[in-house]
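Enquirer: Starting off with a structure, shown below.
The values are calculated or read from the model by the stated rules, or taken from the named source; none is laboratory data. These numbers were taken from a predicted model, which means no experiment stands behind them. Positions of Cβ are backbone-derived with ideal geometry, glycine not excepted, and every protein chain shown enters the neighbour counts. For accessibility, only protein heavy atoms count, side chains too; no ligands or nucleic acids. Shrake-Rupley method; radii C 1.70, N 1.55, O 1.52, S 1.80 Å.
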Amino acid sequence: MKLSIVTVNYRSWDHLRTAIDGLLPAAHFDEGLWEFIVVDNASGGDELEQFRERYKKVRFLENTGNLGFASANNLGACHAEGEYLLFMNPDVVAEPAQVETLVREKEAHPEIELLTATQLDGRGRLQKSFDQFPDLLTYFRTIRSLLRKLVPSRYPDPRRQRDDIVRCDWISGSLLMLSREDFERIGGWSEDFWMYAEDMDICRRAADLGMTRALTPSAQFTHLHGGASRRNPEVTLITKSEVMISAHVYIRRHFKGVHQLANHVIVGLRNLVPLLVGGLANLLTLGQVPSIHLRGRLLGALLGYYARVATSGNWLSQRAPNYQR
């Protein structure tokens, strides 16, 4: 089998339906060249059985809980039979011809181990599909912009349309292709992460092994965004806090000594300073403004996380599969 497409779902049924309907007309599924694997993170309800009944060509796996992006991707990869693995979010709309192009690009460039493609939003605007590894100065937008102007070969601008393949530090996990052999060599997705930054992590570990990460403009996909992570204020609170926590997990995994401490301090201040302002505004408005109230709750969640880290030394999210291991 040539290709296994692995998609992680958590209550993103409408997006998932669109993704499946867009891809299943490809003859490669009937010919046994491609397979589509969906890993559901215990969404609950009866939708999973309905999808199993409707889409016989798709293999549906059910995770033991909402264990996050990395865990579900690893589960899907364990069951995949393809020479190549394409990890694709459920809110990515992929035409079969574009997937074919991505596979051809991967085969034509064996020197590129991890490959992504151009991603556009629903209005055809370019989305960020890659970026630099975070480290000290690159956390600041102004400095990143300056580096992209001064040293564009080392710091390519992810918001600029490309005509040729561009090498980069990390590529988005929303659309990431690599061979099974390279996936196993890297060690799969790290389950130290529940959600966010796991794509930076897998690319960093690939870079440490001398593997190349790149984007090809030859294939284009539509990334709609707004899946399970933007359903309601409670979910937004969780996802925004996990973005901040995952940044610290990445730092803990990839930096040491004073370098690690400096990164933790910068990220901590970047998180806390605007949230402290939001927390004060929440007090002044008596919690009556939903958007400001959310920032106040986010401040509380983050302070609770930092307090736990201070007492336990464990930077992982409590939702991460490896937290209790």
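Enquirer: Calculate the FRET efficiency for H109 and Q288 from the Cβ-Cβ distance with a Förster distance of 45 Å, rounded to the nearest 0.05.
Expert: Once rounded, the FRET efficiency stands at 0.20.
Enquirer: Ignoring ligands, DNA and RNA, what percent of the 1.4 Å accessible area of the chain is carbon and sulfur?
Expert: 54
Enquirer: For the charge dipole of the chain, defined by +1 on Lys and Arg C-beta atoms and -1 on Asp and Glu C-beta atoms about the Cα centroid, which residue among V267, S43, G22 has the Cα displaced farthest towards the positive pole?
Expert: Checking the options against the dipole of the chain, the answer is V267.
Enquirer: If you don't mind, there's one more thing I want to ask. With r defined as the distance between the Cβ atoms of D182 and A310 and R0 fixed at 41 Å, what FRET efficiency is calculated, to the nearest 0.05?
Expert: 0.60
Enquirer: A follow-up question, please. When the chain is fully extended, how far beyond the present Cα-Cα distance does V258 get from R125, taking 0.36 nm per residue of separation?
Expert: 43.9 nm
Enquirer: I've got another one for you. If you count only protein heavy atoms with a 1.4 Å probe, what accessible area per residue comes out for the stretch 103-213, rounded to a whole Å²?
Expert: That works out to 48 Å² per residue.
Enquirer: Once every Cα of the chain carries one equal point scatterer and solvent is ignored, give the base-10 log of I(q)/I(0) from the Debye formula at q = 0.13 Å⁻¹, two decimals.
Expert: The computed values of log10 I(q)/I(0) come out as -1.03.
Enquirer: On to the next question. Report H15's accessible area, 1.4 Å probe, all protein chains in place, as a number in Å² to the nearest 10.
Expert: Looks like 40 Å² after rounding.
Enquirer: Could I ask something else about it? Running a GNM on the chain with Cα contacts under 10 Å, which residue among G65, G300, G45 ends up with the highest mean-square fluctuation?
Expert: Residue with maximal mean-square fluctuation among G65, G300, G45: G45.
Enquirer: Continuing with this model, one more query. Let me spell out the model: positive unit charges on the Cβ of Lys and Arg, negative unit charges on the Cβ of Asp and Glu, origin at the Cα centre of the chain. What dipole size does that give, in debye rounded to 20?
Expert: That gives a dipole near 1540 debye.
Enquirer: Could you work out how much longer the chain between R167 and T138 gets when fully extended? Use 0.36 nm per residue separation minus the Cα distance between them, nm to one decimal.
Expert: Gain on extension, R167 to T138, equals 8.7 nm.
Enquirer: Further question: Let me see the pair-distance distribution of the stretch 132-290: every alpha carbon pair, 5 Å bin width, integer percents in order.
Expert: 1, 7, 13, 17, 19, 18, 13, 7, 3, 2, 1, 0
Enquirer: Step through the residues of the stretch 253-260 one at a time and calculate ³J(HN,Hα) from phi using the Karplus curve (6.51 cos²θ - 1.76 cosθ + 1.60, θ = phi - 60°), rounding each to whole Hz and writing x for Gly and Pro.
Expert: With coefficients 6.51, -1.76 and 1.60, one gets 7, 10, 10, 9, x, 4, 4, 5 Hz.
Enquirer: While we're here: What's the percent breakdown of Cα-Cα distances in the stretch 112-198 across 10 Å bins, shortest bin first?
Expert: 14, 43, 35, 9
Enquirer: What order, most packed first, do the peptides 128-134, 270-276, 161-167 have when packing is the mean number of other Cβ atoms within 10 Å of each residue?
Expert: Put in order of decreasing packing, that is 128-134, 270-276, 161-167.
Enquirer: Now for a different question. List nothing, just return the count: lysine pairs in the chain, 8 or more apart or interchain, with Cα separation under 24 Å.
Expert: Lysine pairs, 8 or more places apart or on different chains, close enough: 6.
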